[in-house]
Amino acid sequence: VKVGVSSDAATEINDLIALSPARRREVKRITDISRSKVSEMDEKTLDTQTSEYYTFGESTWDLVIFIGTGALGPLGSIQTVLLAIINVLMQVVFCAIAWFNFTSPDINEDSITDTLRWRRSSGHSYADYSPVAKESLVHRVCKMDKSLESSGIQVDLIENINKYLKSEETGLEGFFTGQILCIVALICWYLMVAKEVSHALALHRGVMAVPRGATKLDTRENPFTQVTHYRLRAVALRRKIASGFLLLYRLVAAALLLYVGTSFLVYTVNVTELILNAVALGIILDIDDLLFDAMATTPGRHLVHQLDPLHMPSLPRVRGADAKSVFMSIFIPALTILVYNSMLEPFVGTLDGVRIAMCGGNQNFVWSLDKRRITQLSPTYGGGWEEEEGSIKTDAIVEGESLTSGFIVNNSRYGFWVNSVNVLSDLSVMSLDSMVDSANSNCGDIGNEEPMLNYLRYFLANDSIQGCADAAVYCNSITKMPEYAVDDGRGYAARMLCSATCGCNIPGGDFINVQGCPYGDTRACDTTTEKQNFVASAVCVEKNVSTLTAYPPWKAWVETIRSYGNQASNHLPAKPDALILAQAMEDNGCGFLANLSAQNISLGGCFSWDSKFSWDFKTLEVFCPETCGCGADSNPPGSGCPAPFGYSCTGGEVKGCLTWNDKHFCEGFNAEVLRADMTFSILDFLLASNYALEIMLALQTALAQKASVTQPVDPQTIQLELNFDWDLSAKGTIWLIEDGMNATAMTSALFSTTLADLQVAVDSSLDSSGVPVNDLGFALTSFSNPDAPDGPYGYGSGYDDLLSEIRDSLG
């Protein structure tokens with residue numbers, strides 16, 4: 001619709017010709033006024049000179065008026081009918097879709113209930129807690145964590161609500177919310193609908209103002225431009241009626257679009273979609289223009305382009321304001337306020353309710369239902385992602401991302417590559433001990449080379465570590481599993497990656513803690529050569545209390561147990577019992593078991609520890625084989641009981657061996673022996689029984705003196721079996737345990753000694769021990785080598801006759 005004052009004389013003449021006689025007189029008067037000299041333009045003058053007319057535009061509805069006229073032709077008319085039908089269908093389809101989908105909000109009061117259900121079931125559930133982020137699911141959703149693998153609907157919902165409401169923003173940003181944008185979009189939409197209604201009314205008013213008669217179009221030529229124009233001289237009654245129906249349809253369609261468009265905009269939460277939806281609604285109203293531009297016939301286009309405007313009767317005007325402008329100026333703001341109060345404001349309240357239901361209150365906790373059906377709650381602290389950024393896992397993943405096809409996985413510095421995803425699946429169900437065993441099948445130091453060296457540095461939080469030797473200080477560090485508590489897993493990691501350095505391959509040594517090692521029956525450390533050599537070289541004899549409590553490995557074990565008891569961490573159970581155990585071991589050596597038993601305390605130690613302790617420590621049979629009862633039938637699998645040369649401590653083979661300086665010497669394995677048989681006579685048997693130890697020492701000393709040829713022989717390395725029964729005899733076994741001892745030379749020197757020389761040596765030793773030699777009457781009667789090739793040989797002095805006399809005197 002165009003409103004203005006005509007200034008072109010030719011146009012005025014043509015317009016006058018086209019008007020009725022009455023209208024011509026009215027326009028003439030207006031023209032006369034306009035030509036008169038006016039000193040100042042005022043409202044009355046402008047009102048008098050203002051006329052309204054409808055200018056045809058590129059719209060399907062403007063072309064519909066000429067259907068059936070000769071101007072369009074039969075096919076052109078059919079084409080125009082099709083355009084009108086398509087236009088109607090498209091608007092009807094949109095209205096139907098919008099009516100059934102957009103007139104009710106997707107977010108309503110039920111959404112608040114659903115949100116609360118989600119939060120109380122999954123949002124705070126421990127099952128959905130992220131051990132990586134160390135945050136509850138609801139906290140991750142409310143901070144719009146894009147790394148979430150679930151609850152994407154909730155993330156999108158709260159993100160859209162936050163952008164729409166901007167509840168946490170202040171200043172100008174807090175003012176320009178989605179609510180304000182929606183109001184602006186609604187006003188724009190109402191203006192577009194108002195424009196459509198104005199066009200529809202103007203077209204109908206213009207048609208109705210044309211004189212009634214047979215529809216007639218004629219032509220005129222502009223004398224200045226020489227362009228041919230068309231004038232609608234008369235319109236048939238049926239076309240005017242059709243124009244009325246067209247107006248009715250356009251008003252109904254506008255009303256429907258006004259309603260569904262309002263709902264469509266008000267219930268749009270996404271700010272970006274709100275803008276797009278406003279634009280989309282405008283397109284629906286412009287379908288008639290789009291169809292005209294794309295599908296109207298060329299004659300039809302030319303017709304509406306060259307048609308002269310239709311003059312319309314003016315609407316009532318008061319003091320420069322006309323009825324239409326006043327109505328629209330009141331109606332649009334009033335409708336906006338109505339929609340705001342009845343639809344937009346309640347919807348915004350619902351959005352805020354959903355926001356509070358999802359993210360209000362405390363987000364940082366999780367719950368779990370135990371087997372008793374008691375609800376357990378725990379706070380969450382977050383910070384997991386920050387820790388992940390500096391983790392070796394992240395380094396391994398970044399390294400993987402940087403690799404291309406054809407890479408060599410063996411050169412990886414941070415990760416271990418497997419050849420199939422199926423292997424990862426198997427690893428996910430493998431126990432921790434099984435993983436430790438498979439990675440360290442030799443119970444060795446796998447942390448000396450990359451990538452395990454990098455893991456060793458990471459776990460110990462020390463980038464300066466060059467290998468397992470630098471990690472030895474952590475070997476006895478206490479770790480509480482499976483939480484990796486107390487020392488953040490440093491001790492566990494050191495033993496896992498440096499099992500040999502931490503002494504996991506032997507049952508003794510300075511380190512008692514084997515948690516993290518592949519240690520135990522049938523595991524890697526149980527089958528190492530180091531363990532077999534250790535138990536084979538261990539002795540079946542315990543140290544006395546003073547020697548054992550001063551023994552460095554024993555002291556180190558006691559201190560580790562004491563450090564367990566002194567830990568400040570609340571993760572470790574039975575700390576007071578650990579202190580009692582450490583003190584008992586320090587005071588009593590291997591007698592600690594008897595000491596604690598006397599106090600009715602049982603804490604284990606032989607082959608196993610009491611289950612109250614949260615530790616994986618070696619057991620004490622390696623130091624206390626006699627107390628622990630090490631034997632062939634009593635040793636549990638994987639125990640640390642000594643097994644010298646493969647023999648058990650209770651076997652007869654070990655009893656025939658020499659134990660000297662914490663080492664077993666067994667004939668045929670690591671030592672040779674010389675044997676000597678002696679017989680003797682005694683005058684005072686009672687005195688002899690009192691000095692049995694001195695007699696034994698005297699014989700050992702005498703044999704040692706005579707056998708010390710190539711190397712000195714210690715008397716304690718000579719085993720002596722002394723017999724005071726009817727057969728007075730002694731059997732000596734001399735152990736050649738020092739390097740350089742020559743059996744042949746020692747045998748020759750020993751058995752070339754005369755009986756008198758040997759007697760002198762014995763008497764000298766007895767005398768130095770304070771034994772009354774004369775009263776005792778100890779006299780050697782024979783000395784021989786039982787292992788001589790030709791039978792025993794040596795010296796004798798009437799032994800048999802002397803023995804008979806003694807027997808006779810004793811009756």
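Compute the helix-to-body angle for 109-118: its Cα long axis versus the longest principal axis of the chain, expressed 0 to 90° and rounded to tens.
10
By how many nm would the segment from LEU116 to ASN690 grow when fully extended, if each residue of separation counts as 0.36 nm and the alpha-carbon distance is taken off?
Values: separation 574, 0.36 × 574 = 206.64 nm, distance 9.47 nm.
Stretched out fully, the LEU116 to ASN690 stretch lengthens by 197.2 nm.
So what is the relative contact order of the stretch 173-283, in percent, for Cα pairs below 8 Å that sit 6 or more residues apart?
Working: 95 pairs, mean separation 38.0, N = 111.
Computed over the stretch 173-283, the figure is 34 percent.
Treating the beta-carbon of each Lys and Arg as +1 and of each Asp and Glu as -1, no other charges, what is the dipole magnitude of the chain about its Cα centre, to the nearest 20 debye?
8800
Using 0.36 nm per residue of separation minus the Cα-Cα distance, give me the extension gain between THR219 and THR272 in nm, one decimal.
That works out to 14.0 nm of additional length.
State to the nearest 20 debye the size of the charge dipole of the stretch 295-356 about its Cα centre, where the only charges are +1 on K and R beta carbons and -1 on D and E beta carbons. Walk me through the numbers on the way to the answer.
Numbers: 5 positive and 4 negative charges, 34 e Å.
For this selection, approximately 160 debye.
Need the C-alpha centroid separation for the stretch 590-636 versus the stretch 149-207, integer Å.
The two parts, judged by their Cα centres, are 80 Å apart.
Within 9 Å, Cβ to Cβ, of GLY382, how many net charges do the neighbouring residues add up to if Lys/Arg are +1 and Asp/Glu are -1?
-1
Roughly how many Å² of PHE645 are accessible to a 1.4 Å probe, to the nearest 10?
Result for PHE645: roughly 60 Å² accessible.
Compute the separation of the alpha-carbon centres of the stretch 208-238 and the stretch 318-394 and state it in Å as a whole number.
That distance is 60 Å.
Would you calculate the convex hull of the Cα atoms in the stretch 657-722 and tell me its volume per residue in Å³? List each step's numbers first, then the result.
Working: hull volume 6.8 nm³, N = 66.
In the stretch 657-722, the Cα hull volume divided by residue count equals 104 Å³.
Note the per residue figure in Å³ for the convex hull of the C-alpha positions in the stretch 529-657.
Cα convex hull per residue, to the nearest whole number: 121 Å³.
Grab the eigenvalues of the alpha-carbon gyration tensor for the stretch 537-578, scale each by 5, take roots, and send me the semi-axes largest first in whole angstrom. List each step's numbers first, then the result.
Working: eigenvalues 158, 20, 15 Å².
With the √(5λ) rule applied to the stretch 537-578, the semi-axes are 28, 10, 9 Å.
What does the extension gain come out to for ALA568 and ALA127, with contour length at 0.36 nm per residue minus their alpha carbon separation?
Between ALA568 and ALA127, full extension yields 155.7 nm more.
Each residue of the stretch 341-357 in order: what ³J(HN,Hα) in whole Hz does its phi give by Karplus 6.51 cos²θ - 1.76 cosθ + 1.60, θ = phi - 60°, with x for Gly and Pro?
Taking θ as phi minus 60°, the curve returns 6, 8, 10, 5, 4, x, 5, 4, x, 5, 4, 5, x, 5, 4, 5, 4 Hz for the stretch 341-357.
Compute the normalised compactness of the stretch 206-357: alpha-carbon radius of gyration over 2.2 N^0.38 Å, N being the residue count.
1.50
Using θ = phi - 60° and the Karplus relation 6.51 cos²θ - 1.76 cosθ + 1.60, list the HN-Hα couplings for the stretch 185-190 in order, rounded to whole Hz, with x at every Gly or Pro.
Values per residue, Gly and Pro as x: 5, 4, 4, 4, 5, 5 Hz.
Rounded to the nearest 0.05, what FRET efficiency do SER431 and SER597 have when you use their Cβ-Cβ distance and R0 = 45 Å?
Working from the Cβ atoms, E equals 0.80.
Bins of 5 Å, beginning at zero and ending with the bin holding the largest distance: percent of Cα pairs per bin for the stretch 389-462, please.
The percentages, shortest bin first, are 3, 13, 19, 25, 25, 12, 3.
How would ILE85, ILE183 line up by accessible area, probe 1.4 Å, largest first?
ILE85, ILE183
When the C-alpha atoms of the stretch 169-268 are aligned to their principal axes, what extent does each axis show, in angstrom, from largest down?
So the extents along the principal axes, rounded to whole Å, are 66, 36, 16.
How big is the Cα convex hull of the stretch 304-349 in projection, averaged over all directions, in nm²?
6.1
Quick one: if the Förster radius is 41 Å, what FRET efficiency do SER378 and VAL418 give, using the C-beta to C-beta distance and rounding to 0.05?
The computed FRET efficiency comes out at 0.75.
Just to check I understand the Karplus step: with θ = phi - 60° and J = 6.51 cos²θ - 1.76 cosθ + 1.60, what whole-Hz values come out for the stretch 274-287, glycine and proline as x?
4, 5, 5, 5, 5, 5, 4, 5, x, 5, 4, 5, 9, 4
First measure r as the distance between the Cβ atoms of ALA71 and VAL227, then evaluate 1/(1 + (r/R0)^6) with R0 = 22 Å and state the FRET efficiency to the nearest 0.05.
The calculated FRET efficiency here is 0.85.
Lysines near LYS216 by alpha-carbon distance under 20 Å, same-chain residues fewer than 8 away left out - which ones?
LYS216 reaches LYS240.
Over the chain, what is the relative contact order in percent, taking alpha-carbon pairs closer than 8 angstrom and at least six residues apart?
Averaging sequence separation for qualifying contacts and normalising by length gives 9 percent for the chain.
What distance in nm separates the simple spin-label points at ASN341 and ALA255, each placed 7 Å from Cα in the Cβ direction?
Modelled inter-label distance: 2.3 nm.
With each run of n ≥ 4 DSSP H residues scored as -39500 (n - 2.57), what mean residue ellipticity at 222 nm is computed for the chain after dividing by its residue count and rounding to the nearest 500 deg cm²/dmol?
It comes out at -15000 deg cm²/dmol, rounded to the nearest 500.
How many nm is it between the label spots at ASN544 and PHE327, if each spot is 7 Å from the Cα in line with the beta carbon?
Rounded to a tenth, the inter-label distance reads 12.4 nm.
How large is the Rg to Rh ratio of the stretch 293-433 when both quantities use alpha carbon positions and Rh follows Kirkwood?
1.38
At a probe size of 1.4 Å, how large is the accessible area of ASP510, to the nearest 10 Å²?
Roughly 80 Å² of ASP510 is accessible to a 1.4 Å probe.
Determine the per residue accessible area of the chain with all protein chains present and a 1.4 angstrom probe, expressed in square angstrom.
52
How tilted is helix 392-402 with respect to the longest principal axis of the chain? Cα atoms for both, answer in degrees (0 to 90, nearest 10).
60
For the stretch 666-718 and the stretch 103-143, what is the separation of their Cα centres, given in Å?
Between the Cα centre of the stretch 666-718 and that of the stretch 103-143, the gap is 89 Å.
What Kirkwood hydrodynamic radius, in Å, does the stretch 265-337 give when the mean of 1/r is taken over all pairs of distinct Cα atoms and then inverted?
After inverting the pairwise mean of 1/r, the radius is 16.6 Å.
Using only the alpha-carbon atoms of the stretch 444-568 as identical scatterers, what base-10 log of I(q)/I(0) does the Debye formula give at q = 0.10, 0.16 Å⁻¹?
The Debye formula, applied to the Cα set alone, gives -0.34, -0.82.
Given H placed 1.01 Å from N in the peptide plane, which residues other than close sequence neighbours of LEU307 have an amide H under 5 Å from its amide H?
So LEU307 has HN proximity to TYR230.
According to a simple spin-label model (label point 7 Å from Cα along Cα-to-Cβ), what is the distance in nm between ALA756 and ASP286?
14.4
Cysteines without a disulfide-compatible partner in the chain, using Cβ under 4.7 Å as the rule?
CYS95, CYS182, CYS188
If you average 1/r over every pair of different alpha-carbon atoms in the stretch 98-167 and take one over that average, what Kirkwood value in Å do you get?
It works out to 13.3 Å.
What is the percent of Cα-Cα separations in the stretch 734-790 that go past 17 Å?
53
Using the Cα centre of the stretch 204-268 as the reference point, and only Cβ charges (+1 on K/R, -1 on D/E), how large is the resulting charge dipole? Debye, rounded to the nearest 20.
340
The values are calculated or read from the model by the stated rules, or taken from the named source; none is laboratory data. Computed from a predicted model, the values in this text were never measured in an experiment. No Cβ is skipped: glycine too gets one built from the backbone with ideal geometry, and neighbour counts run over all protein chains shown. Ligands, DNA and RNA are stripped out before the accessible areas are found, and what is left, the full protein with its side chains, is counted by its heavy atoms. Shrake-Rupley method; radii C 1.70, N 1.55, O 1.52, S 1.80 Å.
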